[in-house]
1. How charged is the neighbourhood of residue 98? Take every other residue with its Cβ under 12 Å from the Cβ of residue 98, and add Lys/Arg as +1 and Asp/Glu as -1.
2. Once the cut-off is 12 Å, how many percent of the Cα-Cα pairs in region 63-103 end up in the long-distance tail?
3. With charges set only on the Cβ (+1 for Lys and Arg, -1 for Asp and Glu), what does the dipole of region 1-81 come to about its Cα centre, in debye to the nearest 20?
4. Mind pulling up the Rg/Rh value for region 6-70? Radius of gyration and Kirkwood radius, both on Cα.
5. Output wanted: per-residue J couplings in Hz (rounded whole) for region 120-136, from phi through Karplus 6.51 cos²θ - 1.76 cosθ + 1.60, θ = phi - 60°, x for Gly and Pro.
6. Residue 35's amide H: which non-local residues (gap 5+, or another chain) put their own amide H closer than 5 Å, with H modeled 1.01 Å from N in plane and none for Pro or chain starts?
7. Direction-averaged shadow area of the convex hull around the Cα atoms of region 42-85, nm²?
8. Ordered by residue, what ³J(HN,Hα) values in Hz, to whole numbers, does region 58-65 give under the Karplus form 6.51 cos²θ - 1.76 cosθ + 1.60, where θ = phi - 60° and Gly and Pro are x?
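Values in this text are rule-based calculations from the coordinates and carry no lab data. Here the structure is a predicted model, which is why all the values come from computation and not from measurement. Cβ: placed from backbone, ideal geometry, glycine included. Neighbour counts: every protein chain shown.
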Amino acid sequence: MTFRVWSNDLVDGGTLPQAQVFDGMGYIGGNLSPHLAWEGEPEGTAGFVVTCYDPDAPTGSGWWHWIVSGIPAFVHELPTGAGSGRGGLPSGAVQSRTDFGFSHFGGAAPPPGELHRYIFTVHAVSVAELGVNSDASGALVGFMTNAHRLGRASLTATFGV
């Protein structure tokens, strides 16, 4: 079986729904983390890390919109809003600091111009916990994830004004 991720809220290659757009900064959106589900992770997976990253943000380093680590290996789904304070994150999961400066999902909020890609990735890792906390940066979580990654599955949606 191939490691794959899907969503009841997003279509891979489609447009990001208004529910996943930031609510503020000139945008009116739901700021809800999307439903994500996955299967087929590599053998030896001890946990998962979920990220949402915009590589097109005009920062020189992209923009982290959502970072969750410490998801147990038996969990294969996060409900809509799990990263937005609506419940559904498993016990022990840690949401780390996004580039918005807070530790929960932050929706799309690109400057006017080109479409931006929002890449939602489930990383299968060889450890149950990365040893990071809610103040860890996306770069630190990315480093720790890459050090322990066994595989990954992604879906991408676009948004722009």
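1. Within the 12 Å Cβ shell, the charges total -2.
2. 59
3. Using Cβ point charges on Lys, Arg, Asp and Glu, region 1-81 gives about 100 debye.
4. Radius of gyration over Kirkwood radius for region 6-70 works out to 1.01.
5. 9, 10, 9, 9, 8, 10, 8, 10, 6, 9, 8, x, 10, 10, 5, 9, 5
6. Distant-sequence amide H within range of residue 35: 8, 9, 80, 81.
7. That works out to 4.4 nm², a quarter of the Cα hull's surface.
8. x, 10, x, 9, x, 8, 7, 9
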